[in-house]
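**Q** Sharing a structure with you now.
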Amino acid sequence: MLVRVSVLRANVGRLQPQVPGWNVTVPPSAEPVVPQDAPTLSVLITYYRGEKVIRGAVESVLEQTVRPHEIVICDDGSPDDLQAALGPLVDEVRIVRKENGGTGSALNAAVRAAEGEYVVQLDQDDACMPRRIEAMAATLAARPDVDIVATDAIFELEGKPVTTFEAVTPFPRGDQRTAILHTPTFLWPAIRRSLLLAEGGYDESFKAVEDWECFTRLVLAGAVTAFVHEPLYRWRLSAGSRSSHDSVARIQDGVDLTAKALAQSPLQPDERAVAESLLQMRRRWLAREQARYAIETRARDARRRSLQLVLGRGFDPATRAKASVAVLSPALADRFMARRREHADPAADALAQRGFRLSA
């Protein structure tokens, strides 16, 4: 386990860019840092039913101005033919195969198989901008004490840019520890492989936010984290590609993530107070989403779940009023919700389903 918690907290509020040629936020080092040669980086891609997109993801890595050490693809028991989907690019990658077990287990298999000193996550339907590996390598060469380095990302909906990750979730220039309890402050980073393995890898019990849970655990354990303020990753979203059931699973994972942090992470008293408040808020959010899902699916317990919102503690008046309608008539409440979905902004809706709010 890492033991740099007190050092990081002492440096809070003094974050500054320290990588020549790049706008990077990184904590000042507690000791003098001597730049070194860039470490080796392995790009990891988890694969499941991605025959239409995998080639684009691999091509984006092959087009990097600085090539990584390797590309490792974990085939998570996909029923389609990964080698056929890759075509002539199959010789450019190393394939690891396993029975289907979800993204967390596929990432763990890829991490174990990788040879690079750092592992870089790339989703199968996303892409890297040409200088992404270059930016990560430059940061790690200038600051070899950094354990995690991420970059900003472009959010795309149906191929069109919508916003950037940092516009939605600004990277904290102050207390990274408290911030990551609230929301994932970075995604798709390069992580020191030895640290990731030492800290237990990805928790495979999480099915929706296994990455956020892992990053939270690493940051709270004291990992030194840097962020490149340039959108060098393309997160490709599709409208309506997720369901209310997915939203329930994501919020449940958020509840479990917070409870796990409270039980297992080295939290300071002020951080513990924040986490306890977030846990109560996320439990209320979960109850609202479970009620919504029950109404949409005409579940037998729709009235009961709505009644819990009416009578439960901590719910705002608007939530209680809407839940009261659902108690009287779940079908009427469903029509109201369907009408709202018809007028929703597709981009805002796609991001909301993934836990982000589109900035005005």
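The values are calculated or read from the model by the stated rules, or taken from the named source; none is laboratory data. If you're wondering where the values come from, they're calculated on a predicted model, not measured in any experiment. We place every Cβ from the backbone using ideal geometry, glycine too, and count neighbours over all the protein chains shown.
**Q** Tally the residues that are free of Cβ contacts under 8 Å to residues at least 60 places away in the same chain and not in a helix (DSSP H, G or I), restricting the search to the stretch 59-70.
**A** Going through the stretch 59-70 one residue at a time, the tally reaches 2.
**Q** Exactly one of these conditions fails for residue 177: (1) touching a Leu at 6+ places or on another chain (Cβ under 9 Å); (2) assigned to a loop (DSSP other than H, G, I, E, B); (3) of a type in the set (Lys, Arg). Give me its number.
**A** Residue 177 satisfies every listed condition except (2).
**Q** Of all residues in the stretch 21-58, count the ones that are outside any strand (DSSP E or B) and either farther than 13 Å from residue 89 by Cβ or touching a residue at least 60 places away in the same chain (Cβ under 8 Å) (or both).
**A** Residues flagged as outside any strand (DSSP E or B) and either farther than 13 Å from residue 89 by Cβ or touching a residue at least 60 places away in the same chain (Cβ under 8 Å) (or both) within the stretch 21-58 amount to 25.
Quick grid of which residues meet (1) over 16 Å from the mean Cα position of the chain (by Cα); (2) farther than 24 Å from residue 29 by Cβ; (3) not assigned by TED's automatic domain parsing to the domain that holds residue 230:
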site	(1), (2), (3)
144	yes, no, no
155	no, yes, no
161	yes, yes, no
171	no, no, no
188	no, yes, no
192	yes, no, no
198	yes, no, no
204	no, yes, no
207	no, yes, no
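**Q** Check 127, 114, 138, 150 and return the single one that is among the small types (Gly, Ala, Ser), out of contact with any helix residue (DSSP H, G or I) (no Cβ under 9 Å at 6 or more places or on another chain) and at pLDDT 95 or above.
**A** Just one listed residue meets the conditions, 138.
**Q** Right, here's the next one. Listed residues 157, 220; which is at pLDDT below 95, more than 22 Å from residue 19 (Cβ to Cβ) and touching a Leu at 6+ places or on another chain (Cβ under 8 Å)?
**A** 157
**Q** Something else now. When the residues of the stretch 298-355 are filtered to those that are in contact with a strand residue (DSSP E or B) (Cβ under 8 Å, 6 or more places away or on another chain) and of a type outside the set (A, V, I, L, M, F, W, C), which remaining residue is farthest from residue 158 (Cα to Cα)?
**A** The selected residue is 354.
**Q** Determine, yes or no, whether residue 167 is within 21 Å of residue 30 (Cα to Cα), under 16 Å from the mean Cα position of the chain (by Cα) and among the small types (Gly, Ala, Ser).
**A** So residue 167 fails the test.
**Q** Which condition from (1) modelled with pLDDT of 95 or more; (2) more than 14 Å from residue 149 (Cα to Cα) is the one that residue 230 breaks?
**A** (2)
**Q** Now a separate question. Go through the residues of the stretch 239-252 one by one and say whether even a single one is out of contact with any helix residue (DSSP H, G or I) (no Cβ under 8 Å at 6 or more places or on another chain), among the acidic types (Asp, Glu) and either surrounded by fewer than 21 Cβ atoms within 10 Å (Cβ to Cβ) or within 24 Å of residue 314 (Cβ to Cβ) (or both).
**A** yes
Listed here are the residues, each with its yes/no results for (1) part of a helix (DSSP H, G or I); (2) loosely packed, with under 14 Cβ neighbours inside 10 Å; (3) among the small types (Gly, Ala, Ser); (4) at pLDDT 95 or above.
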position	(1), (2), (3), (4)
275	yes, no, yes, yes
282	yes, no, no, yes
303	yes, no, no, yes
308	yes, no, no, yes
333	yes, no, yes, no
349	yes, no, no, no
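**Q** Does the stretch 311-327 contain any residue that is more than 30 Å from residue 143 (Cα to Cα), of a type in the set (Phe, Trp, Tyr) and modelled with pLDDT of 95 or more?
**A** For the stretch 311-327, residues more than 30 Å from residue 143 (Cα to Cα), of a type in the set (Phe, Trp, Tyr) and modelled with pLDDT of 95 or more: present.
A quick yes/no check of all residues on (1) more than 30 Å from residue 200 (Cβ to Cβ); (2) assigned by TED's automatic domain parsing to the domain that holds residue 218; (3) under 27 Å from the mean Cα position of the chain (by Cα); (4) not basic (Lys, Arg):
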residue	(1), (2), (3), (4)
266	no, no, yes, yes
275	no, no, yes, yes
289	no, no, yes, yes
298	yes, no, no, no
322	yes, no, no, no
327	yes, no, no, yes
337	yes, no, no, yes
342	yes, no, no, yes
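**Q** From 261, 190, 226, which residue is more than 30 Å from residue 20 (Cβ to Cβ), in contact with a helix residue (DSSP H, G or I) (Cβ under 8 Å, 6 or more places away or on another chain) and surrounded by 21 or more Cβ atoms within 10 Å (Cβ to Cβ)?
**A** That would be 261, the only listed residue that is more than 30 Å from residue 20 (Cβ to Cβ), in contact with a helix residue (DSSP H, G or I) (Cβ under 8 Å, 6 or more places away or on another chain) and surrounded by 21 or more Cβ atoms within 10 Å (Cβ to Cβ).
**Q** Would you confirm whether any residue within the stretch 84-104 is farther than 24 Å from residue 142 by Cβ and touching a Ser or Thr at 6+ places or on another chain (Cβ under 6 Å)?
**A** So far as the stretch 84-104 goes, yes, one or more of its residues are farther than 24 Å from residue 142 by Cβ and touching a Ser or Thr at 6+ places or on another chain (Cβ under 6 Å).
**Q** Here is a further query. What number of residues within the stretch 118-146 satisfy the criterion of being in contact with a Lys or Arg (Cβ under 6 Å, 6 or more places away or on another chain) and outside any strand (DSSP E or B)?
**A** Qualifying residue count for the region: 2.
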